[in-house]
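Mind looking over this structure? Questions follow.
The values are calculated or read from the model by the stated rules, or taken from the named source; none is laboratory data. Keep in mind that what you see is a predicted model, and the values were worked out from it rather than measured. Don't worry about glycine lacking a Cβ; one is built from the backbone with ideal geometry, like all the others, and counts go over all protein chains shown. In case anyone asks, the SASA skips ligands and DNA or RNA and just uses the protein heavy atoms, side chains included. Shrake-Rupley method; radii C 1.70, N 1.55, O 1.52, S 1.80 Å.
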Amino acid sequence: MLLAIAGATVAGPLEDADDAYKRGDYTIALRLYRALADHGNADAQESLGAMYDRGEGTPQSYAKALKWYRRAADQGDADAQNNVGDMYEHGEGVPQDYVQAHMWLSLAVSNFSASDKESRDKAIEDRNRVASQMTSAQIAEAQKLASEWKPTPTLKPTLKPTPTLKPTPKPTSKPKPKR
């Protein structure tokens, strides 16, 4: 019995959302991702952005996709930074802006882990494609913006502290009976 319990794994809310998405239950996935995204979870924000981007479980909306991608990207999520760069490159949800596209793609390149070589290489390819459309001054501006960028963690709502209750003083004498 103990071995069965020790081998069991407990899924968390993000895993539950991922599982719902994988099985095509987009309504549940959207609801679960949204709850997590509202509390600052960058992975959920990126996934929610992808659902709006592709119109999965919700009407397709580049504006909403960008909103959620940007929240995750601002926290340093490389996938979200890559997606924001793509949206600026193609003018989806924002006016086309190669400087912004290059900046976000550069950030994605620097934030993809070494173990995620495929994603990093794709971001490099995308950034190079964008750079081919830019002047040297625009590339320099994008590089400057990327070098000055700092992640901004999302402020998570905090619970208000429970007020400290003062102990009720013990009566020094027996209460008087009511008449």
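Tell me the accessible surface of LEU32 in square angstrom (1.4 angstrom probe, heavy atoms of protein chains only), to the nearest ten.
The accessible area of LEU32 comes to roughly 40 Å².
Quick one: which of 57-64, 23-30 comes out on top by average Cβ neighbours within 10 Å, and what's the full order, highest first? Intermediate values should be presented prior to the final figure.
Working: 57-64: 14.1, 23-30: 15.8.
Packing order, densest peptide first, comes out as 23-30, 57-64.
Run the dipole for the range 30-143 about the Cα centre, Lys and Arg Cβ at +1, Asp and Glu Cβ at -1, nothing else charged, and hand back the magnitude in debye, nearest 20. Display every interim value, and only then the final one.
On the way: 12 positive and 18 negative charges, 45 e Å.
Dipole of the range 30-143, to the nearest 20 debye: 220 debye.
Once you sort the root eigenvalues of the Cα gyration tensor of the range 1-125 as a ≥ b ≥ c, which label holds: rounded (a/c under 1.5), prolate (a/b larger than b/c) or oblate (the other case)?
Numbers: a/c = 2.64, a/b = 1.57, b/c = 1.68.
Here the range 1-125 falls in the oblate category.
Roughly how many nanometres apart are two label points built 7 Å out from the Cα toward the Cβ at GLU15 and SER136?
About 5.3 nm, to one decimal.
Under a Cβ-only charge scheme (Lys and Arg +1, Asp and Glu -1), can you give me the dipole magnitude of the range 33-91 about the Cα centre, in debye to the nearest 20? Display every interim value, and only then the final one.
On the way: 6 positive and 10 negative charges, 54 e Å.
With only Lys, Arg, Asp and Glu charged at Cβ, the dipole is about 260 debye.
Right, next: Give the Kirkwood hydrodynamic radius (Å, one decimal) of the range 73-141, defined as one over the mean of 1/r across all pairs of different Cα atoms.
Numbers: mean 1/r = 0.0857 Å⁻¹.
Kirkwood radius, the range 73-141: 11.7 Å.
Rounded, prolate or oblate: which fits the range 53-101, taking a ≥ b ≥ c as square roots of the Cα gyration tensor eigenvalues, rounded meaning a/c under 1.5, else prolate when a/b beats b/c?
Values: a/c = 2.25, a/b = 1.20, b/c = 1.87.
Taking the square roots of the gyration eigenvalues as a ≥ b ≥ c, the range 53-101 is oblate.
Another question, then. Given labels modelled 7 Å from the Cα in the Cβ direction, how far is it in nm from ALA35 to LYS150?
For the pair ALA35/LYS150, the computed spacing is 3.5 nm.
Under unit Cβ charges (Lys, Arg +1; Asp, Glu -1), what dipole magnitude, rounded to 20 debye, does the range 112-153 have relative to its Cα centre? Each step should come with its number before you reach the end.
Values: 7 positive and 7 negative charges, 12 e Å.
Taking the Cα centre of the range 112-153 as origin, the dipole is about 60 debye.
Then there is this: Please compute the net charge surrounding ARG23, taking Lys and Arg as +1 and Asp and Glu as -1 over other residues with Cβ under 15 Å from its Cβ.
Details: positive: LYS22, ARG31; negative: GLU15, ASP16, ASP18, ASP19, ASP25, GLU56.
Taking every other residue near ARG23 into account, the sum is -4.
With every protein chain left in place, what is the accessible area per residue of the range 98-142 in square angstrom, probe 1.4 Å? If you can, show how the numbers build up before the last one.
Working: 2370 Å² over 45 residues.
Per residue, the range 98-142 has an accessible area of 53 Å².
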